[in-house]
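Just so you know, all these numbers are worked out from the coordinates, no wet-lab data involved. Because the structure is predicted, anything quoted here is derived from the model rather than measured. Note: ideal-geometry Cβ built from the backbone for every residue, glycine included; neighbour counts use all protein chains shown.
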Amino acid sequence: MRISPMDIEQQQFGRSFRGYNEEEVDIFLDRIAKDYEEILQENAKTKEEVERLQAKLDEYVKMEETLRTALVNAQQSASHIKESIQKDAENIIENAQIEAERIRQRAMQETLDTTNEITALKKRKFLILEKLKSTLKLYIRMLEEEMAEEPDEEKDAQYLQDKTTENLKMRSYPEREPENKNLFEVGTENKEKDSEV
């Protein structure tokens, strides 16, 4: 059991012949008790300080753990962010390459379609020009043939004179012809009679 300052002050010693001076012993014990009490008080203060420092140390340890956890989380988050950014960049590059290839293919197809359309238009133009050329040649030939024919004015005049004579005969001698004959038949018979004469 630990001795307290009070135990030292109240300590009693037996008396003996030629023993120590009682007063000096009491004074020494009082000094010892006082010093021991001061030592105990300092020890208590030191213990409180140690406990305070230990609590502070525990707080620092917790803070360190928190900071370490935060740092680890930050590193992991940074790693995840880096991976996510890298994946996004790869996806963007891949999509851009796909889009560029699609645009290139579409441009090639449009170029091919345009080339085919131009070729078809050229062929159509050639056919139209050939057809127009043939038509123009036909019209020119027809005009040349028309211009090459000379008009037979004498033949036309004789025909008109014959028709006039027939009409006059029909008007001069109507009683000689049957009633049911038309002008065309009368003219035909007159022409046959003239040819017999």
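Placing pseudo-labels 7 Å out from each Cα toward the beta carbon at Arg102 and Asn43 gives an inter-label distance of 8.6 nm. Counting only Cβ charges, +1 for Lys and Arg and -1 for Asp and Glu, the dipole size of region 47-130 around its Cα centre is about 760 debye. Each part reduced to its alpha carbon centroid, region 23-72 and region 82-99 end up 62 Å apart.
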